[in-house]
1. What are the residues whose amide H is under 5 Å from the amide H of L45, where those residues sit 5 or more places off or on another chain and H is modelled from the backbone?
2. Taking the simple approach of a point 7 Å from Cα along Cα-to-Cβ for both A53 and S27, what is their distance in nm?
3. Using +1 on the beta carbon of Lys and Arg, -1 on that of Asp and Glu, and nothing else charged, what's the dipole of region 16-69 about the Cα centre, debye to 20?
4. So what J values fall out for region 24-29 if you push phi through Karplus, 6.51 cos²θ - 1.76 cosθ + 1.60 with θ = phi - 60°, rounded to Hz, Gly and Pro as x?
5. 5 Å is the cut-off here: which amide hydrogens, built 1.01 Å from N in the peptide plane, fall below it relative to R54, excluding neighbours closer than 5 in sequence?
Amino acid sequence: MTRRAAVIAKKAPEPERLAYRVDELVSLLGVGRSTIYRAIKDGRLRSANRLGARLIDAESVRAVFGRAAE
């Protein structure tokens, strides 16, 4: 990597997550799939089914699980 590429790579901010898939949350938070689905069923996590994938709203994940979701 050139020096210029290294400087550019350092400055590039990571985009804010808007949603997570269930399997991503299982890995990220260290909880079971049933915990995620229970929170969806109870209304604690907002989710939507898009193109066959269950997407969970990142804001509701942070509200329920705190900073661990980042």
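None of the figures in this text is laboratory data; all of them are computed from the coordinates on show. These figures come from a predicted structure and were not determined experimentally. With ideal geometry, Cβ positions are generated from the backbone for all residues, glycine too; neighbour counts draw on all protein chains shown.
1. Long-range HN contacts for L45: I40.
2. Placing both labels 7 Å beyond Cα along the Cβ direction yields 1.2 nm.
3. 120
4. 5, 5, 4, 5, 5, 9
5. V22
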